[in-house]
Amino acid sequence: MGLHDFTLADVYRRNAALFPAQPAFAFDGAAVSHGDYLARIERLAAGLQHSGVQRGDRVAILSQNCPEMVDLIGAVALVGAILLPVNYRLNADEIGFVLGDGAPKLLIVSEEYRALVQDLLPGLGSVEKSYVIGDASGPFTGFCRSPLGRAIQAVDVAAGRRLRHHSHRPGR
């Protein structure tokens, strides 16, 4: 494996293999281990793939820091997609420009930005599905993970090759 072949997905898998019980991150006083983080992002990656996200697609998120954003960063890396984080400090016109220019296939917003983005959605032709972190309503589906144990088709993002099927189930 060359230097340029090593991806964030490889880092997450390596950390889970070498340090499964060690904390990967903490949020509001709750720690998530590397092993648990990998399981979480594998489930979310399966959900992204089920929603039609493929290698090279853009996934946008408009949110302040939250556990769902951390999970999305990892899941997008596993799929080989491109994360488009949108600065929540921008005004509506600027957010519309970033989303229009970035052309995401999927859009995830936190509840506090739902109304702002809902007005922009009709002009965002690239967005096939939109999710909200919080209660689902309007054009937004609730942001949730795929069922436990769902296998994903891992992608070698450096070469674009399919790797072996794998799944992570608690206790294995």
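The values are calculated or read from the model by the stated rules, or taken from the named source; none is laboratory data. From a predicted model like this one, the values you see are computed outputs, not experimental measurements. Cβ sites come from the backbone with ideal geometry, for glycine too, and all protein chains shown count toward neighbours. Calculation scope for accessible area: heavy atoms of the full protein, side chains included, ligands and nucleic acids excluded. Shrake-Rupley method; radii C 1.70, N 1.55, O 1.52, S 1.80 Å.
Could you say whether any residue in the stretch 61-76 is among the small types (G, A, S), under 15 Å from K129 (Cβ atoms), touching a residue at least 12 places away in the same chain (Cβ under 8 Å) and not in a loop (DSSP other than H, G, I, E, B)? Yes, because at least one residue in the stretch 61-76 is among the small types (G, A, S), under 15 Å from K129 (Cβ atoms), touching a residue at least 12 places away in the same chain (Cβ under 8 Å) and not in a loop (DSSP other than H, G, I, E, B).
Residue count for the stretch 119-138, restricted to those that are closer than 20 Å to G47 by Cβ and within 20 Å of the chain's Cα centre (by Cα): 11. Find the residue count for the stretch 54-72, including only residues that are in contact with a Leu (Cβ under 6 Å, 6 or more places away or on another chain) and farther than 19 Å from V117 by Cα. Of the residues in that region, 1 qualify. Among the residues of the stretch 73-107, those that are over 11 Å from the mean Cα position of the chain (by Cα) and either buried (at least 20 other Cβ atoms within 10 Å of the Cβ) or over 26 Å from D119 (Cα atoms) (or both) comprise V86, I95, L99, P104, K105. Of the numbered criteria (1) modelled with pLDDT of 75 or more; (2) closer than 26 Å to D36 by Cα, the one Q153 fails is (1).
Here the condition is being β-branched (V, I, T) and outside any loop (DSSP other than H, G, I, E, B); of V11, V53, it holds for V11 alone. Within the stretch 111-125, residues that are among the basic types (K, R) reach partners that are at pLDDT below 90 with beta carbons closer than 6 Å, at six or more positions or on different chains, in the pairs R114/V132. In the set (1) at pLDDT below 70; (2) in contact with a Phe, Trp or Tyr (Cβ under 8 Å, 6 or more places away or on another chain); (3) of a type outside the set (D, E), the condition left unmet by R145 is number (2). Each residue in the stretch 108-140 was checked for being part of a loop (DSSP other than H, G, I, E, B) and under 13 Å from A92 (Cβ atoms), and 1 of them qualify.
Cβ-Cβ distances below 9 Å connect no pair with a first residue in the stretch 14-25 that is acidic (D, E), a second residue that is surrounded by fewer than 13 Cβ atoms within 10 Å (Cβ to Cβ) and outside any strand (DSSP E or B), and a separation of six or more residues or different chains. Is it the case, given these coordinates, that A17 is in a helix (DSSP H, G or I), touching a Leu at 6+ places or on another chain (Cβ under 9 Å), more than 23 Å from F140 (Cβ to Cβ) and open to solvent by 10 Å² or more (accessible area, probe 1.4 Å)? It is true that A17 is in a helix (DSSP H, G or I), touching a Leu at 6+ places or on another chain (Cβ under 9 Å), more than 23 Å from F140 (Cβ to Cβ) and open to solvent by 10 Å² or more (accessible area, probe 1.4 Å). Looking only at the stretch 60-72, decide whether some residue is of a type in the set (D, E) and within 21 Å of F140 (Cα to Cα). Checked against the condition, which is being of a type in the set (D, E) and within 21 Å of F140 (Cα to Cα), the stretch 60-72 yields at least one hit. In the stretch 77-107, which residues are closer than 30 Å to A31 by Cα, assigned to a loop (DSSP other than H, G, I, E, B) and touching a residue at least 40 places away in the same chain (Cβ under 8 Å)? Once the filter is applied, which keeps residues that are closer than 30 Å to A31 by Cα, assigned to a loop (DSSP other than H, G, I, E, B) and touching a residue at least 40 places away in the same chain (Cβ under 8 Å), the stretch 77-107 yields only G80.
Is it true that V11 is of a type in the set (A, V, I, L, M, F, W, C) and either farther than 25 Å from L124 by Cα or surrounded by 21 or more Cβ atoms within 10 Å (Cβ to Cβ) (or both)? Spelling it out, V11 is indeed of a type in the set (A, V, I, L, M, F, W, C) and either farther than 25 Å from L124 by Cα or surrounded by 21 or more Cβ atoms within 10 Å (Cβ to Cβ) (or both).
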